[in-house]
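*Asks:* Next up is a structure, given as structure tokens.
The values are calculated or read from the model by the stated rules, or taken from the named source; none is laboratory data. Quick caveat: nothing in here was measured; it's all calculated off a predicted structure. So basically every Cβ, Gly included, is an ideal-geometry build from the backbone, and we count neighbours across all protein chains shown. Accessible surface is based on the protein model in full, side chains and every heavy atom, while ligands, DNA and RNA are left aside. Shrake-Rupley method; radii C 1.70, N 1.55, O 1.52, S 1.80 Å.
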Amino acid sequence: MTLAHLIVICGPMFAGKTTELIRRMQAAAGDGRPVLALKPARDTRYHNDFLATHTGVRFPARAVDSDLGDAIRAAAPGSVVGIDEAHFFGDALVEPVTDALARGVSLILAGVERDHRGRAFAPFPTLLCEADKVVKLSARCAVCGRPAIHSQRMIPGDEAIVVGGAEAYQARCRTCFRPGT
Ligand SMILES: [Zn+2]
């Protein structure tokens, strides 16, 4: 049986996480591995049938919601499942991911590991521990240009998840980050 592995790609908004996920999914497909990309149905910023970046790179994907666990369980041993915006699923992702790894399914997860207040964002505390490899990306601080690790929310609201792009979030460094404003 192929040894399964978990790769976690994390970092703030605008760090290139989806680009990195697509690059790794294309590489897996190029190696002849069956691949399946999943994305949250709630993320309506781009086309529902693709992972997509603001630079126009695309990869075919299936939008899932409460059927996330079923979609992962349907993946065959030896295949590679990529999941974008993993923070949308919270801890509901943990059990399907650990089960899949035990069955020989590899996974590549991408998402924001800190929320808009800078706190750890489920399921990352658990899945970063579980990961074979972590790719932590940074963005460019929208205020000072230094490396940014935070996602500053620019619109009101304290919901954990607000779907949005440049109108709703800025990447910020530790110094320029203002949680809760
Ligand atoms: Zn800054």
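*Asks:* Can we say Pro123 is modelled with pLDDT of 95 or more and within 16 Å of the chain's Cα centre (by Cα)?
*Replies:* yes
*Asks:* Do any strands (runs of 3 or more DSSP E) lying entirely in segment 72-179 carry at least 2 residues that are surrounded by 20 or more Cβ atoms within 10 Å (Cβ to Cβ) and within 16 Å of the ligand (Cβ to nearest atom), and which ones are they?
*Replies:* Result: 150-153, 169-172.
*Asks:* Can you name every residue in segment 32-52 that is assigned to a loop (DSSP other than H, G, I, E, B) and at pLDDT 95 or above?
*Replies:* Correct list: Gly32, Arg33, Pro34.
*Asks:* I need every pair where a residue in segment 1-24 that is open to solvent by 10 Å² or more (accessible area, probe 1.4 Å) has its Cβ under 8 Å from the Cβ of a residue that is charged (D, E, K, R) and part of a strand (DSSP E or B), sequence separation at least 6 or different chains.
*Replies:* From residues that are open to solvent by 10 Å² or more (accessible area, probe 1.4 Å), the pairs are His5/Lys133; Ile7/Lys133; Phe14/Arg140.
*Asks:* Here is a further query. Looking at (1) buried (at least 22 other Cβ atoms within 10 Å of the Cβ); (2) within 30 Å of Phe177 (Cα to Cα); (3) in contact with a Ser or Thr (Cβ under 9 Å, 6 or more places away or on another chain), which is the one condition that is false for Thr53?
*Replies:* (1) is the only condition that Thr53 fails.
*Asks:* When you look at Pro60, is it free of Cβ contacts under 8 Å to residues at least 40 places away in the same chain, open to solvent by 40 Å² or more (accessible area, probe 1.4 Å) and within 16 Å of the ligand (Cβ to nearest atom), yes or no?
*Replies:* Numbers: free of Cβ contacts under 8 Å to residues at least 40 places away in the same chain: yes; open to solvent by 40 Å² or more (accessible area, probe 1.4 Å): yes; within 16 Å of the ligand (Cβ to nearest atom): no.
So Pro60 does not fit the description; no.
*Asks:* I'd like the full set of residues that are of a type in the set (A, V, I, L, M, F, W, C), under 22 Å from Tyr169 (Cα atoms) and touching a strand residue (DSSP E or B) at 6+ places or on another chain (Cβ under 6 Å), limited to segment 125-141. If you could, list the steps in order and put the result at the bottom.
*Replies:* Step one: filter segment 125-141 for residues of a type in the set (A, V, I, L, M, F, W, C), giving 127-129, 131, 134-135, 137, 139, 141.
After this cut, where a residue has to be under 22 Å from Tyr169 (Cα atoms) as well, the list is 135, 137, 139, 141.
Hits for segment 125-141 are Val135, Ala139, Cys141.
*Asks:* Inside segment 1-22, can you point out the residues that are polar (S, T, N, Q) and closer than 19 Å to Phe50 by Cα?
*Replies:* Of everything in segment 1-22, those that are polar (S, T, N, Q) and closer than 19 Å to Phe50 by Cα turn out to be Thr18, Thr19.
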